[in-house]
Structures are given as structure tokens and as C-alpha cells.
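S.K.: Mind looking over this structure? Questions follow.
The values are calculated or read from the model by the stated rules, or taken from the named source; none is laboratory data. Being a predicted model, the structure only gives us computed values, none of them experimental. With ideal geometry, Cβ positions are generated from the backbone for all residues, glycine too; neighbour counts draw on all protein chains shown.
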Amino acid sequence: MTEYALEMKNIVKEFPGVRALDGVNIQIRKGEIHALVGENGAGKSTLMKILSGLYPVGTYDGEIRLGNSLCRFKNIKESERSGIAIIHQELSLVRELDVMENIFLGNEIHKWGVIRHEKAFMKAREALQRVNLSVSPDQIVRYLGVGEQQLVEIAKALLKEADILILDEPTAALSEQESGKLLGILKSLREKGVTCIYISHRLKEVLSIADRLTVLRDGKTVCTLDNAGITEADLIAHMVGRELSHGDDGEERTVGEVILEVQDWSVYDEATRRHVSQVSFSLRAGEIMGIAGLVGAGRTELVMSLFGAWGIRTSGRVLLRGKDLSLVNPEDAIRAGISLVSEDRKRFGLVLIQDVKNNISLASLEKISRRGVLDANKEVRYAEQYAADLKIKTPSVEQVVMNLSGGNQQKIVLAKWLMTEPAVFILDEPTRGIDVGAKYEICRIINELAKRGVGIIIVSSELAELIGLCDRILVMHEGTVAGEVNGRGATQEAIMHLATGNRN
Amino acid sequence: MEEKHLNLKESIRNNTRQYTMIGALAAIWIIFTFLTNNLFIDPRNLSNLFLQTVTIAIVASGMTLIMVTGNIDLSVGSVAGFAGAVAAVLQVRYGWNAASAVAASLATGLAIGAWHGFWVAYSKVPAFIVTLASMMAFRGAILGVTGGATLSPLSESLKMIGTNYVAPFPSAVFAVLCVAAYVGFAVRKRARRVKYGFAVSKPGWAVLKIASLSAALGGIFLIMIMNEGIPYAVLLLFAVVLIFSFISQNTVFGRRLYAIGGNADAARLSGIGIEKNLMRLFMLFGLLVATAGIVMTARLNAATTSAGSNMELDAIAACVIGGTSLMGGEGTIIGAIIGALIMSSLDNGMSLMNIDITYQYIIKGLILLLAVWVDIATRKK
């Protein structure tokens with residue numbers, strides 16, 4: 001029997017209302033690069049959070065073995081001490097400090113509490129050499145590129161004598177050249193005996209570097225494969241599996257005139273990085289259009305910018321019913337008839353400390369007021385009507401939103417935007433993290449709205465859902481539209497093919 | 001529709017904070033009454049206590065809304081002093097009549113509020129810094145306009161805002177109307193809640209609650225009437241509390257302020273113009289601070305260079321004791337008023353007891369700390 005460096009057995013992790021991991025098994029051999037693949041929401045990140053101690057022992061079921069010893073990590077420090085280092089998708093460097101300070105953060109080289117700068121400098125330089133990074137240890141991190149920052153993170157992990165390195169989407173923000181360099185370094189680390197768990201959506205990369213692969217789907221291990229003779233298509237088939245599509249009642253909708261037209265739309269952030277480039281599409285009244293793509297493909301940035309809520313600079317034109325829109329802020333967008341359900345309901349959707357009715361009326365206070373004075377009766381009537389229509393389960397509309405389940409919270413966000421009576425309704429990951437019943441309910445509402453002639457755009461990572469719901473699906477890759485597929489009869493394989501960078 | 005009733009436990013839990021605060025205030029009054037041989041409970045003293053509370057309470061009403069949006073204003077002492085000094089200078093040096101001097105003073109407050117709003121809302125400088133700067137700058141400006149001297153006396157018509165009383169009989173009529181209005185309002189509110197199927201407390205408890213609050217309100221009026229009548233300044237405070245409570249609970253503007261403080265991102269994505277609303281709030285608050293400055297100056301019958309010192313700290317303490325969250329999103333006007341009453345009761349009681357000012361400050365500081373700790377500790381559960 002092979003000696004595994006790491007084994008995770010029957011891991012089960014539940015969040016309120018959702019079973020994120022359902023008996024996951026994974027074995028990692030010593031000194032291999034092991035890729036972990038799966039669709040968004042398959043449970044990869046949750047699994048790694050358990051391994052790194054972010055979800056402490058007791059909050060999950062199952063066991064973790066490192067070599068022969070059973071691990072019960074209570075926090076990140078404990079997993080680090082056992083030689084596990086995780087490098088998150090969002091970098092955790094302090095941007096205002098220099099490279100050396102970041103490398104030794106929390107582990108400063110000191111004597112009587114006084115930092116020994118020379119020694120730290122020398123050690124940092126050595127560490128940077130190990131990852132082939134030629135920047136000075138006293139360079140401020142803010143001025144480094146994303147790829148270089150990633151390497152600093154790896155150098156930092158190696159200095160902690162990590163022998164299991166977990167990389168969560170390390171190349172998502174990197175250029176092709178930078179990714180190539182990073183992969184080269186991982187290979188050289190493998191030769192030095194470092195074990196690596198590699199999470200990525202870029203299947204080509206995965207196949208070029210991994211020794212073995214484990215595929216997760218819906219919180220379960222699908223299979224573990226040796227990387228020999230596997231094709232991208234095989235992987236996609238494993239990732240996607242067979243799933244029932246829902247929300248489609250078979251009833252035909254009549255699609256009307258073009259309501260929203262987007263022409264050569266580009267979006268830039270503060271650092272003038274372009275997140276969306278030259279996107280064009282049009283949407284008809286009563287049409288449901290999906291936007292698919294991997295994490296970081298620019299889907300959220302695109303729809304948020306169409307709502308006036310993202311990007312420092314935009315170029316191109318957006319026409320609503322043939323009229324040019326200048327989208328400066330959400331206030332204008334809402335007034336023009338565009339509403340958006342954002343992907344992060346707790347951060348962007350709800351005022352958690354307020355009650356159901358306040359949250360529902362928040363975007364349409366004009367409707368329940370006269371000359372700036374609220375009509376409490378009217379507000380209650382509206383809130384109760386939406387709560388009934390959307391089957392929101394709450395003791396009363398005076399219930400504080402914080403105490404409700406994810407599915408009900410999401411319905412409250414939907415109710416808020418339905419109350420604005422939009423002409424174009426954009427939903428970003430509307431079914432993320434909610435139970436099946438609520439999902440079905442939300443799909444039903446979307447269908448119903450489309451029948452009433454609302455133009456609908458849905459961003460989702462759940463391809464089965466998009467296929468079941470949408471008339472057509474735009475597939476994005478690295479900020480551009482990689483292609484478009486018809487909703488009816490589209491296959492998940494075809495969408496993944498486009499989303500991973502293969503144009504049709 | 002059938003009435004849904006809360007049991008006693010639920011209705012206490014829903015209002016823990018209010019009950020604790022009222023209980024604390026009552027306890028403080030009882031202790032001082034005992035320690036001062038009933039001197040504290042004397043109508044003349046209590047009436048005086050209310051008058052002392054007015055300026056802090058006026059400022060605290062607005063400060064609550066500022067803190068609800070997650071901001072703070074450290075400049076109110078200096079700005080109130082400055083606005084009062086403007087009124088005094090115009091009257092004492094230039095012989096303006098009371099109405100024009102008050103108008104000029106209010107305009108000054110409004111302008112200062114706009115200045116704060118510009119920096120906080122549009123230039124994104126933290127309110128702490130913007131108003132700390134104003135705290136220093138306007139303390140200097142007071143010296144500038146008064147020439148470093150105390151300006152007095154004011155004309156009778158200006159002074160009366162801080163020193164005169166409504167005669168006992170009209171006071172009594174006003175008191176009866178107020179209590180009647182409160183009862184009517186409370187009954188209507190309960191009926192509305194029943195109509196929409198919200199849970200309400202049992203009829204017996206509701207009657208008891210309305211009756212005891214009416215008694216408390218009536219008692220406060222009675223104390224003042226037993227002295228010389230309702231002071232103009234207290235009347236002004238009543239108006240401020242009503243207006244600001246109305247703004248906070250019944251207007252679109254108020255609702256937006258709470259949303260901004262509760263989750264600024266969600267508010268922005270719901271189409272709420274954060275800059276615009278903060279600007280309006282700071283302007284409104286400037287007006288309110290000037291009002292407090294006028295009352296303060298009128299009561300002292302003079303503008304002094306140190307007028308209003310530490311007012312911001314008392315006002316913030318009042319808000320915090322009254323349950324306003326420093327993180328934003330939570331707070332009530334009436335809570336802040338009770339907080340202000342607690343603060344000035346401590347001042348008043350300890351002065352009556354002849355406690356050394358050294359210990360007065362120390363005790364007040366510790367009580368503030370204790371009050372917030374109790375709040376945090378009870379909220380965890």
C-alpha cells in the first residue's frame with residue numbers, strides 16, 4: 001500500500017440548510033501535484049478550508065490523517081505547524097508593507113522584540129530565490145504585479161517549512177506568461193519533495209501539471225484519476241455529471257422587441273485593468289439570457305457595470321429601449337428600469353439588522369411615501385403581498401432579516417427588486433447557497449417575470465440551471481464573449497468548452 | 001382579525017434596552033433623593049435639571065442620526081459656542097433685534113453643517129477628522145468674534161428663550177393635550193398592529209404600559225408646573241424630539257439614514273444616494289447645533305469663550321447610553337434623551353451632594369463605561 005502524505009476520509013460539512021460536503025474522500029501521495037477540480041460550488045474551497053483549520057475540528061464530520069497521525073486542527077496556526085500552507089485566491093499580503101515584512105509577518109526574526117533587519121533581509125532573499133523571483137526584499141508589495149505577489153506568498157509558505165502547499169486558483173488573475181512561470185516553479189518544488197494540492201478551473205493547465213486529479217461534484221468525490229490519457233472532455237464530463245434541469249414548465253414565452261442593447265462595452269477598475277472588453281449583445285423583452293463563464297471571467301463586473309455599480313471607467317454604449325443610458329450610479333439605473341440582484345446578498349443585498357418590510361421597500365421608498373413621509377400601512381401591505389407571492393417563510397414582516405434562512409433572505413432581495421418593477425432584471429448567481437425548494441421557487445419567479453415581458457439576464461455557475469431556464473447563453477472568457485449557445489439543446493460540455501478559452 | 005399576543009417575556013425581551021434605561025434613570029433619581037434628603041426630588045431642582053438637560057438633549061437628538069449613519073461629530077461644542085457668539089455679538093455690539101440675531105446664528109449653523117457635509121460626504125474625509133478640525137477651528141473663531149471677552153447682557157427678547165416660563169395655567173392645558181395626544185397615538189398604533197396581524201402585548205399589559213408612560217409624562221409636566229411652569233427651552237426640546245423622532249421613523253430620509261448605517265453597500269445598490277443624504281443630514285444637524293447654541297447663550301445671558309466645551313462628549317455619551325450603536329444603523333431619539341437625562345441627573349445630584357468636581361468627572365466616566373458594557377453583555381445573549 002502506498003504511503004499517503006495526506007488522507008481526508010468521509011468529510012461531511014453542513015451549513016444551515018445546505019450540505020456543502022457529503023462524504024468526500026481524497027488521498028494525496030507524497031511529493032505529487034494533485035489537482036482538485038469541479039464546478040463552482042462543488043465543495044473544493046470548503047474542503048480546503050477544513051484542511052487548513054479555518055473550519056475547526058468539530059464543525060465537520062470525518063477524519064484527516066497526515067502520514068500516520070490523526071489531525072484535529074482547531075485553527076490555522078495548528079495546521080501550519082503541521083506543515084500545511086494554503087495560498088488563497090484572494091492574496092493575503094499587506095499591500096503597504098515590503099516583501100520581507102510580509103514574508104515574516106507573524107514570524108518576525110527578532111532579538112528581545114527588536115527586528116533584526118539584516119538577517120531577515122538575507123533570509124528573505126534566499127526564499128525569493130527559491131521561487132525564482134528577482135525583486136528586492138525591501139520592495140513595497142503594492143508595486144508588484146499579481147503574479148509576483150503570488151510568488152511572494154509561496155516563498156512565505158515555504159519559509160514556514162510547509163511540505164503540503166495548497167493553491168486555490170493561483171492563476172485566475174495571472175497572464176498566460178505568468179501562469180507558465182508559476183507552473184514551472186511548482187514543478188521544481190515537486191522535485192524538492194513538496195506536495196502540492198492545486199485547485200484550478202483551467203483544465204489545460206491542470207492536465208499539463210498534475211500527477212493525479214480528484215473530481216468533486218455537489219459535495220461528493222466523483223473519482224480520482226491518474227493523469228494519463230485523460231482529455232479535457234473527459235474531465236468536463238466528470239465535473240458536470242448528469243443532472244435534472246428544472247424551472248422549465250415547457251410553456252412557450254413570446255419574445256418581444258429589443259429592450260436592452262450593449263455595444264462594445266468595456267469596464268476598467270482603479271488600476272486601469274480591463275475586466276470586461278468589447279462586449280456586445282442585445283436582449284429582448286420577455287427573453288431570458290444566461291451568462292456563463294468561470295470565476296474571474298468578468299461576468300459580475302459586466303452586469304454590475306450595466307447597473308452603474310462597478311468600474312471606474314467604462315466605454316461603449318448601453319441603450320435601453322433605443323435610448324442612450326449614462327450609467328453613473330444605481331440610482332439612475334433603477335430609475336431607468338434596470339434592477340440587479342447581486343451575488344453577495346449579505347454584503348450587497350440586505351440590511352441584516354433591519355426587518356423584512358424595511359428591506360423589501362428599500363429600493364422603492366417613493367412608492368410607499370408622499371412628500372417624503374412614509375405610509376406605514378402601505379408598506380406593510382406591499383411587504384405582505386410580496387412575502388405571500390414569493391412564499392417567504394417568516395413569522396411576520398417585522399422579523400429581523402438576520403435570523404432568516406439563506407433561501408428566504410434571497411427571496412427578500414428578489415422581492416425588493418420586484419417592487420421596483422424593472423424592465424430589465426439582472427440576477428447574479430441568484431441560487432447560490434440556497435436549498436432546492438427555494439431554488440425551484442426562484443426559477444419559477446424568473447419564468448413568470450419573463451412571461452410578463454421583462455428582459456432577464458442571469459449570471460450563474462450552475463450550468464444545468466442556465467440550460468433549463470435560458471433562451472440563449474452568452475459564454476464569457478477573460479472579459480470577452482467567447483461565444484453564444486442556444487438555451488434549448490445546449491450541452492454543459494459545449495459551454496465549458498467555450499468557458500475554458502476555446503472559441504467556436 | 002384576531003389579536004396575536006406576546007407573552008410578558010417576549011415583550012420585555014423586545015424592549016430590554018428601553019426598560020433598562022428607564023429603570024436606570026429611576027434608580028439614579030431614587031438614590032439621589034435618598035442621599036440628598038429629598039433635595040433632589042424637589043420640583044424646583046428637577047425643573048432646573050430639565051433646563052440643564054435641554055442643550056445636550058437637543059444636540060443628542062441630532063447626534064443620534066449622525067451616529068446612525070456611522071459618522072460622528074466632535075465639533076458640536078465649538079460650533080454651538082460659535083453660533084451663540086454670533087447671535088450675541090450681533091445683538092450686543094451691533095444692536096440687532098432678537099429675531100435677526102437668531103436667524104443669522106441659524107444660518108451660520110447651516111453653513112457650517114454644509115461645510116462638514118461637503119468634506120465628509122463628497123470628499124470622503126472621515127467625519128472624525130473633519131469635525132475634529134472644526135472643533136479646533138471654531139474654538140478659535142469664537143475668540144475671533146468675541147475678541148476674547150464675555151459678551152453680555154442680551155436683550156430680554158433673546159434671553160427669554162433660555163430663561164422664561166410658560167405660565168402654569170397654559171402649561172397645564174398644554175400638558176393635558178400632550179398626554180391625550182400620546183394616549184390617542186398609542187391606541188391607534190396598537191389598533192393598526194392588530195389590523196395587520198402583528199403580535200401585540202396583552203390588553204392588560206398594554207393598558208398598564210400606556211397608563212404608566214402617560215403618568216410619567218404627566219409627572220414631568222406636573223413637576224415643572226409646580227415650579228414656575230414649562231420653560232420655553234423645554235418646549236423647544238419637545239418640538240425637536242418630536243420632529244427628529246418623526247424624521248427617524250416616518251420619513252424616507254430617515255429610513256435611508258438607517259439603511260446607510262446598517263449596510264452602506266446595500267443602500268448604494270438600492271439606489272440611495274449616500275452623498276446627498278449625508279449632506280442633508282449634516283446641514284440639518286448644523287441648524288440644530290446652532291439652536292442649542294442659542295439656547296445655551298440665552299440661558300447664560302452671555303457669550304463666553306469657553307461656552308459649549310465638552311458638549312460633544314456629553315452628547316455622544318448620551319446617545320451611547322441611550323443605545324445608539326457606534327457602528328451605525330441603530331439608535332433612537334428617545335433613547336438619547338433618556339441618556340442625556342441620566343448624564344445631567346448625575347451632574348445635578350452630585351453637585352447637590354457637594355461631591356468634589358474631581359470625583360464627579362471620574363464617576364461620570366465610569367458610569368458611561370459601565371452602561372455600554374452592560375449593553376454589550378446583554379446583547380450577546
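S.K.: Would you pick out the residues in segment A:384-402 that are more than 10 Å from chain B (Cβ to nearest Cβ), under 21 Å from residue B:329 (Cα atoms) and in a loop (DSSP other than H, G, I, E, B)?
M.R.: A:399
S.K.: Still on this model: For segment A:28-41, which residues satisfy the criterion of being buried (at least 24 other Cβ atoms within 10 Å of the Cβ) and assigned to a loop (DSSP other than H, G, I, E, B)?
M.R.: Passing the criteria: only A:38.
S.K.: How many residues, within segment A:117-171, are among the aliphatic types (A, V, I, L, M), under 23 Å from residue A:201 (Cα atoms) and in a strand (DSSP E or B)?
M.R.: Number of matching residues: 4.
S.K.: May I pose another question? Have a look at B:125, B:130 and point out the one that is modelled with pLDDT of 95 or more and within 23 Å of the chain's Cα centre (by Cα).
M.R.: Values: B:125 fails: within 23 Å of the chain's Cα centre (by Cα).
So the residue among B:125, B:130 that is modelled with pLDDT of 95 or more and within 23 Å of the chain's Cα centre (by Cα) is B:130.
S.K.: May I pose another question? Within segment A:136-154, does at least one residue satisfy the condition of being over 30 Å from residue A:296 (Cβ atoms), touching a residue at least 40 places away in the same chain (Cβ under 8 Å) and more than 29 Å from the chain's Cα centre (by Cα)? Let's see the steps before the verdict.
M.R.: Here is the first cut: in segment A:136-154, the residues over 30 Å from residue A:296 (Cβ atoms) are A:138.
Restricting the remaining residues to those that are touching a residue at least 40 places away in the same chain (Cβ under 8 Å) gives A:138.
The next check asks that each one be more than 29 Å from the chain's Cα centre (by Cα); those that pass are A:138.
There is at least one residue in segment A:136-154 that is over 30 Å from residue A:296 (Cβ atoms), touching a residue at least 40 places away in the same chain (Cβ under 8 Å) and more than 29 Å from the chain's Cα centre (by Cα).
S.K.: Mind listing whichever residues of segment B:273-322 are under 16 Å from residue B:78 (Cα atoms) and among the polar types (S, T, N, Q)?
M.R.: B:291, B:297, B:304, B:305, B:306, B:309, B:310, listed by residue number.
S.K.: Among B:320, B:295, which is within 30 Å of residue B:377 (Cα to Cα) and either in contact (Cβ under 8 Å) with a residue 40 or more places away in the chain or in a loop (DSSP other than H, G, I, E, B) (or both)?
M.R.: Sole residue among the options that is within 30 Å of residue B:377 (Cα to Cα) and either in contact (Cβ under 8 Å) with a residue 40 or more places away in the chain or in a loop (DSSP other than H, G, I, E, B) (or both): B:320.
S.K.: Here's another thing I want to ask about it. Does segment B:211-233 include one or more residues that are more than 22 Å from the chain's Cα centre (by Cα) and without any contact (Cβ under 8 Å) to a residue 12 or more places away in the chain?
M.R.: Scanning segment B:211-233, I find at least one residue that is more than 22 Å from the chain's Cα centre (by Cα) and without any contact (Cβ under 8 Å) to a residue 12 or more places away in the chain, so the answer is yes.
S.K.: Here's something else I'd like to know. Where residues in segment A:395-442 are over 21 Å from residue A:305 (Cα atoms), in contact with a strand residue (DSSP E or B) (Cβ under 9 Å, 6 or more places away or on another chain) and among the acidic types (Asp, Glu), which of them is modelled with the highest pLDDT?
M.R.: Among them, the one singled out is A:398.
S.K.: Taking segment A:464-494 only, how many residues are over 25 Å from residue A:451 (Cβ atoms) and modelled with pLDDT of 85 or more?
M.R.: Residues flagged as over 25 Å from residue A:451 (Cβ atoms) and modelled with pLDDT of 85 or more within segment A:464-494 amount to 10.
S.K.: Return the only residue of A:392, A:360 being buried (at least 23 other Cβ atoms within 10 Å of the Cβ) and at pLDDT below 90. Lay out the reasoning, then the answer.
M.R.: On the way: A:360 fails: at pLDDT below 90.
Answer to the check: A:392.
S.K.: Conditions: (1) within 14 Å of chain A (Cβ to nearest Cβ); (2) of a type outside the set (A, V, I, L, M); (3) outside any helix (DSSP H, G or I). Residue B:309 meets all but one. Number of the miss?
M.R.: All conditions are met except number (1).
S.K.: Those residues that are buried (at least 16 other Cβ atoms within 10 Å of the Cβ), of a type in the set (A, V, I, L, M) and over 11 Å from residue A:138 (Cα atoms), I need them from segment A:104-121; list them, please.
M.R.: A:109
S.K.: Consider only pairs whose beta carbons are under 9 Å apart and that are at least six residues apart or on different chains; among these, list those whose first residue lies in segment A:185-205 and is within 15 Å of residue A:28 (Cβ to Cβ) and whose second residue is among the basic types (Lys, Arg) and in a helix (DSSP H, G or I).
M.R.: A:189/A:130; A:196/A:190; A:199/A:44
S.K.: Then there is this: With the requirement that a residue be surrounded by 24 or more Cβ atoms within 10 Å (Cβ to Cβ) and at pLDDT below 90, what does segment A:300-338 give you?
M.R.: Of everything in segment A:300-338, just one residue is surrounded by 24 or more Cβ atoms within 10 Å (Cβ to Cβ) and at pLDDT below 90, namely A:308.
S.K.: Can you tell me which residues in segment B:240-271 are facing another protein chain (nearest Cβ under 7 Å) and among the β-branched types (Val, Ile, Thr)?
M.R.: Residues satisfying the conditions are B:251, B:252.
S.K.: In segment B:173-200, what count of residues is obtained for those that are away from chain A (no Cβ under 14 Å) and among the hydroxyl-bearing types (Ser, Thr, Tyr)? Give the derivation first.
M.R.: Looking only at segment B:173-200, we keep the residues that are away from chain A (no Cβ under 14 Å), and these are B:173-184, B:186-187.
Adding the requirement that they be among the hydroxyl-bearing types (Ser, Thr, Tyr) leaves B:182.
Residues in segment B:173-200 being away from chain A (no Cβ under 14 Å) and among the hydroxyl-bearing types (Ser, Thr, Tyr): 1 in total.
S.K.: Whether any residue in segment B:138-153 is in contact with a Leu (Cβ under 7 Å, 6 or more places away or on another chain) and either within 18 Å of residue B:311 (Cβ to Cβ) or buried (at least 24 other Cβ atoms within 10 Å of the Cβ) (or both) is what I want to check.
M.R.: No.
S.K.: Right, another one. Considering segment A:304-347 alone, what residues qualify as being of a type in the set (D, E, K, R) and either within 13 Å of chain B (Cβ to nearest Cβ) or touching a residue at least 24 places away in the same chain (Cβ under 8 Å) (or both)? Step through it out loud before you land on a result.
M.R.: The first filter runs over segment A:304-347 and keeps only residues of a type in the set (D, E, K, R), leaving A:313, A:317, A:321, A:323-324, A:331-332, A:335, A:343-347.
Correct list: A:313, A:317, A:321, A:331, A:332, A:335, A:343, A:344, A:345, A:346, A:347.
S.K.: Restricting the search to segment A:357-383, which residues are within 34 Å of the chain's Cα centre (by Cα) and either in contact (Cβ under 8 Å) with a residue 24 or more places away in the chain or more than 9 Å from chain B (Cβ to nearest Cβ) (or both)?
M.R.: The answer is A:357, A:359, A:360, A:361, A:362, A:363, A:364, A:382, A:383.
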